[in-house]
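Before any comments, here is the structure.
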Amino acid sequence: MTSTGPVSDIAQAELIESVSAIVGREHCLSEPAELFVYGSDGLTLDPRLPSLVVLPGSTEEVSRVVRACRAAGRCFVPRGAGTGLSGGAHPLDDSVVISCTRMASILSVDAENRLAVVEPGVVNADLSAAVGPLQLFYAPDPSSQQACTIGGNVAENAGGPHTLKYGTTSHHVVAIEMVLPDGSITRLGSACGFAPGFDLVGAVVGSEGTFGIVTEITVKLTAIPECTETALVIFEDVPSACLLVGSIIRSGMVPAALEVVDQRTIAAVEASVYAAGLPLDAGAVLIVELDGARCELPDQMRRVREMAAIAGAREVSIARDAEERTHFWRARKGAFGAMGRLAPDLYVHDAVVPRARLPEVLGAICEIGDRYGLKLSNVFHAGDGNLHPNISFDRRNAEELERVIAAGREMLELCVKVGGVLTGEHGVGVEKRDYMGLLFNDADLDAMLRLRAAFNPDGVCNPGKMIPTTRACMEANPKARGYDAVPIR
Amino acid sequence: MTGSDEPSAASELSSLSGSGFERLGPSGLPAGGSISHRLEPESGEAIAESLKILQAHEEPVLVAGGMTKLESMNPVRDTRILLSCRGLSGIDELDAEDGVVRARSGTPLAEMAAAADRAGWLLPLDPPGEGGTLGGALATGMCGPRRRGFGAVRECVLGLETVLGSGERTRCGARVVKNVTGYDMAKLYVGSFGTLAVIEGAWLRLQPKPRSTRSLALSPSRGDEPFALALEAARRTSARAVALVSADLASSEPGLGPTPELDARWKLMVEFSGDEAVTREDAEWLGGRGPSVPLGPEAIDALGGLQASKEERTLRARIHLLPSALRIVCERLQQAGLRLVVYPEPAVIYAFFEPEAGADPSWLPAKLAVIEEVTARLAAPWVVESLPAWGYAAHDVFMGGFATPLMETLKGRFDPGRILNRGCLIGVL
């Protein structure tokens, strides 16, 4: 029942009326100027105006809005803060955007059991701030954590710099309440982290809003470590920084973060308001963050220093206090903002390769960027092998945009060729949907469609995402894929 | 092959190259089953072709690895053929640089652990009992005593190769340690007891080998609240295994090592691992909380043995709950005569009962009713891990669970003929 053409004025007016009766007219946006900001998430290459934006305030309202959309024959797209970078919240097919930002309450905090129950619109960093006085924090820390919502993090299985030690969102979600695409409300998982049967919570986290709309999330909280030590290690080149990363991983340590900033990024950062005093002639900077018990970190940091020397580090600085630690992180966290000075647009790529292949892959990626005449810089989660080649460009220049796209595809092909994957934390969305065939064959994608179809059988929830379009068409037409004989109970 | 119980698929399976199809002799029958034949395919292709034949003949199979956890699922229904994954064995690759390993489903876990150890890494899987295979560990998702340090089974799975019930070979995930490319299919398969797909092979993430390990047993002081102490121990930086064992159980299991005070109600067993400085500090902290004795790692291993005990008369149940509810639940279960092993975080209680020889069979529903009553109040999910053989006919081992419509739909989509481990998970799956 996906929409196939422009929505008639009458149908639109009827939907506005029915949805307004549920959420209030002030929470139903329909003017082009209001809709504009909902036309894309952080991937701004191909924005599409939604036909309507609805901001429900409760699970019950989400359920009723979904039913209203279905009754009107309209698809819908769940949305958090819109900070995603793969187009997961793009409103394709004249979809109605259902934004969860009004559902922003921390419903409960259970310090004894280290759990919190939150609505999807709670901003990631706000949860850590709220539980900080209890010496707890919410571990997933995507770079957008000051703005992104936990509902969006669940959709994308968001990671961040500290994923290396603490894992992605999936490691921290134990139960969810969600509105399925038929409007029904279901609860999956349990607060204790176990539910008999299939791990449906695990399947939903990272499903990019294509299984339904998550309306309540029970998350694990983590104790703030007793001690944190941060080192800034300066190298002549990226391969040497990667050498140290490999040495640390092999040594048995599990650092909280291992983040590399390359020379091109250093130059951009130092020319910006995020300047951190990094030497402009450095080839790469590696941030090593260790956390844990106070008694174990001095020896670990001593070992890091020794390994850094062997890897050819030019300089190792250890943060003396929290202020200096923040200073060290400025270059890393300010990188994307700094790149705003280089060009009007920034394409933040995201791919993962085996850690041991980082040096050669980074070299090849720079070569690709140079060959296409692009402004390329690299900031990456080296401990996870998670690359973020960033291309600064101007999308008004169609010819340059074509080069950006072509170079991006070549980079992804390279990563897959060495055993890597298309995305480590941004998701597939529309951005990489048509590249899925680089990694998966038809049977693999078909299995994914079987999973999606169990939740979203007619494809009304967030259409056109993750699976290449030709397959999604088959999904909407069971006879085309021979599933019509499959008994669905 | 001859005989009236011959599956109609037998001739096709016999002629299928590499299927390893054979009739079992009387000694080869898995306990409690109606299994008369075995498939032991040598390759993923052979599994896929076998499943296509079985689906066409509507012939269900019992999918198994080391057959060490059959008592922890419902007996399969209408099933005559065992599909053993033991024929798919071997480590394809162990990348010591990256700390990842790829192995075939039937690879013994002991072989994988030894290989990881030789390469300077640790295999973070310790399903209860011995003789398990990689595929079995992933299919059951069951954890042993080191769950606190190793994490859940699903957390070390990077990628899977599977054969769906419908016979398609598929792959999900990859060898890298971070990945959100496509749906997280591995989460769906791990712990599904082989009801959706046959696991053919897997990429796993290894853990760093700790530089130091210290294990000790402690008798909580009389003024100390044992559950609070156990939870505090579990939240120490280097805690890898923390368990409270009720005194009646501790005294009857010599494998659990010495007990500092024999008249204490609980025995706290702890294993710390990590850097030397932190394990020393944590062990000293714990040693200051009561009389303690050092333990060998085998005592911690013995906890896993308890979780896999197969005494014919024994009931073993596993209850998942919040740490804050441990005390009240344990008190009630002990009042009912159950012996306990308690893991404080993630909070799990293993409850055991072994009746006197010749006891009236009514003991079983009575004990199950106690567990049901105490867990229902807390909405705590629980499963039966082992029953006397006569108990399976009357009780679903996933008593604290229910199959949602979503689960039933998934079963139909991945295993449309419902031939994989029919009925073993929550009765209908």
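The values are calculated or read from the model by the stated rules, or taken from the named source; none is laboratory data. None of the values given here were measured: they were computed from a predicted structure. Heads up, the Cβs are rebuilt from the backbone with ideal geometry, glycines too, and the neighbour counts pull from every protein chain shown. Remember, those area values only see protein heavy atoms, side chains included, never the ligands or the DNA or RNA. Shrake-Rupley method; radii C 1.70, N 1.55, O 1.52, S 1.80 Å.
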Item to check | Whole-Å semi-axes of the ellipsoid equivalent to the range B:238-314 (Cα gyration tensor, √5λ, descending) | outcome: 24, 15, 9
Checklist outcome for this item: Mean-square fluctuation maximum in Gaussian network of chain B, Cα pairs under 10 Å, restricted to B:A46, B:A376, B:A239, hits B:A376
Checklist outcome for this item: Restricting to Cα pairs under 8 Å and 6 or more apart, the percent relative contact order of chain B works out to 17 percent
Next on the checklist: Would the range B:319-429 count as rounded, prolate or oblate if I go by the C-alpha gyration tensor, calling it rounded below 1.5 in a/c and otherwise prolate when a/b exceeds b/c, oblate otherwise?
Outcome noted: oblate
Checklist outcome for this item: In the protein assembly as shown, taking the dipole from +1 charges on Lys and Arg beta carbons and -1 charges on Asp and Glu beta carbons about the Cα centre, the listed residue (A:S251, B:P291, B:N179) farthest towards the positive end is B:P291
Checklist entry - Hey, which of these cross-link pairs are over 27 Å Cα-Cα: A:K333/A:K417; A:K220/B:K187; A:K220/A:K432; A:K417/A:K465? => result A:K333/A:K417; A:K220/A:K432
Checklist entry - Between the helical axis of B:109-118 and the dominant principal axis of chain B, each derived from Cα atoms, what acute angle in degrees is found, rounded to the nearest 10? => result 60 degrees
Item to check | Selection of trypsin sites (Lys or Arg not before Pro), the range B:222-328, meeting DSSP coil and at most 13 other Cβ within 10 Å | outcome: B:R222, B:K310
Item to check | Rounded FRET efficiency, nearest 0.05, which uses the C-beta distance separating B:E45 from A:A21 and R0 of 51 Å | outcome: 0.35
Checklist outcome for this item: With +1 on the Cβ of every Lys and Arg and -1 on the Cβ of every Asp and Glu, the dipole magnitude of the range B:45-182 about its Cα centre, in debye rounded to the nearest 20, is 340 debye
Checklist outcome for this item: Heavy-atom accessible area per residue of chain B, all protein chains kept, 1.4 Å probe, expressed in Å², is 35 Å²
Item to check | Relative contact order %, the range B:3-148, counting alpha carbon pairs below 8 Å whose residues are six or more apart | outcome: 19 percent
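Evaluate peptide A:379-388: per residue, the Cβ atoms of other protein chains within 10 Å of its Cβ; return the mean as an integer.
If you average over the peptide's residues, the count of other-chain Cβ atoms is 2.
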Checklist entry - How large, in Å, is chain A by the Kirkwood hydrodynamic radius built from its alpha-carbon pairs? => result 23.5 Å
Item to check | Solvent-accessible area per residue for the range A:351-479 (1.4 angstrom probe, square angstrom) | outcome: 31 Å²
Checklist entry - Of A:I22, B:P41, A:G277, which is farthest on the positive side of the dipole of the protein assembly as shown, counting Cα position, with +1 on Lys and Arg Cβ, -1 on Asp and Glu Cβ, and the Cα centre as origin? => result B:P41
Item to check | Residues losing 50 Å² or more accessible surface upon assembly, the range A:176-207, compared with the chain by itself, 1.4 Å | outcome: A:C192, A:F194, A:P196, A:G197, A:F198, A:D199, A:L200
Item to check | Shielding by partners, peptide A:417-429 (average Cβ within 10 angstrom, other chains) | outcome: 4
Checklist entry - Can you give the Rg to Rh ratio for the protein assembly as shown, taking only C-alpha atoms and Rh from Kirkwood? => result 0.96
Checklist entry - Counting only protein heavy atoms and rolling a 1.4 Å probe, how much accessible area do B and A lose on contact, total for both sides, in Å² to 100? => result 6400 Å²
Item to check | Calculated FRET efficiency for the pair A:R396/B:A114, C-beta based, R₀ 60 Å, to 0.05 | outcome: 0.50
Item to check | All lysines inside 23 Å of B:K209 as judged from Cα atoms, apart from same-chain residues fewer than 8 positions distant | outcome: A:K165, B:K178
Item to check | Percent accessible area from carbon and sulfur atoms, chain B, protein chains only, probe 1.4 Å | outcome: 51 percent
Item to check | Separation of the B:S252 and B:E372 label points, Cα + 7 Å toward Cβ, nm | outcome: 2.4 nm
Checklist entry - How high is the FRET efficiency from A:L134 to B:E312, r the C-beta distance, R0 60 Å, rounded to 0.05? => result 0.80
Checklist entry - List for the range B:316-343: residues with 30 Å² or greater reduction in accessible area, all protein chains versus chain alone, probe 1.4 Å? => result B:H320, B:L322, B:S324
Next on the checklist: Please give the charge dipole size of the range A:152-301, origin at the Cα centre, charges +1 on K and R Cβ atoms and -1 on D and E Cβ atoms. Round to the nearest 20 debye.
Outcome noted: 340 debye
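Kindly identify the range A:327-414 as rounded, prolate or oblate by the Cα gyration tensor criterion: order the square roots of the eigenvalues as a ≥ b ≥ c, call it rounded if a/c is under 1.5, otherwise compare a/b with b/c, prolate if a/b is larger, else oblate.
Oblate is the answer for the range A:327-414, as a/c is 1.5 or above yet b/c matches or exceeds a/b.
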Next on the checklist: Between 0 and 90 degrees, rounded to the nearest ten: what's the tilt of helix B:363-378 against the longest Cα principal axis of chain B?
Outcome noted: 70 degrees
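Just the number please: accessible area per residue for the range A:1-129, 1.4 Å probe, all protein chains included, in Å².
Result: 40 Å² of accessible area for each residue.
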Checklist entry - Against the longest principal axis of chain B, how steep is helix B:44-56, in degrees 0 to 90 to the nearest 10, with axes from Cα atoms? => result 70 degrees
Checklist entry - Relative contact order of the range B:292-429: what whole-number percent is it, with Cα pairs under 8 angstrom and at least 6 residues apart? => result 25 percent
Checklist entry - Considering only DSSP states other than H, G, I, E and B, which GluC sites (Glu not before Pro) in the range B:347-377 qualify as loop sites with at most 12 other Cβ atoms within 10 Å? => result B:E356
